[in-house]
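First comes the structure, then the notes that go with it.
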Amino acid sequence: MQLKKLKRDYKMAVSAYGLNPNNWLLKADGEVYITIVHKDNGTTKRIDKYAREIRRNTNGRYDSRRTKSN
């Protein structure tokens with residue numbers, strides 16, 4: 001498979017792992033995991049494609065849009 005640019009959803013997953021999505025390319029797309037390759041050094045990683053960052057507001061608390069309301 002040819003290396004491809006990351007889609008927006010995959011960029012969010014790569015960011016959730018603390019990686020810069022601009023430095024990675026998509027190698028393989030599985031059902032749950034994606035395999036990414038670093039552009040410069042060729043390092044390969046397998047990450048969960050549904051991973052998302054937990055957003056926090058300026059007070060350090062979870063964003064109200066993402067928490068359950070009573």
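The values are calculated or read from the model by the stated rules, or taken from the named source; none is laboratory data. Note that the structure is a prediction, hence the values are computed from the model and not measured. Areas reflect the complete protein model, heavy atoms only, side chains present, ligands, DNA and RNA absent. Shrake-Rupley method; radii C 1.70, N 1.55, O 1.52, S 1.80 Å.
Remarks
- With all protein chains in place and ligands, DNA and RNA left out, the 1.4 Å accessible area ranks Lys4, Lys49, Lys11 as Lys4, Lys11, Lys49, largest first.
- Rounded to the nearest 10 Å², the accessible area of Val14 at probe 1.4 Å: 0
- Straight-line reach from Lys27: taking Cα to Cα under 25 Å and skipping same-chain neighbours fewer than 8 places apart, the lysines in range are Lys4, Lys5, Lys7, Lys11, Lys39, Lys45, Lys49.
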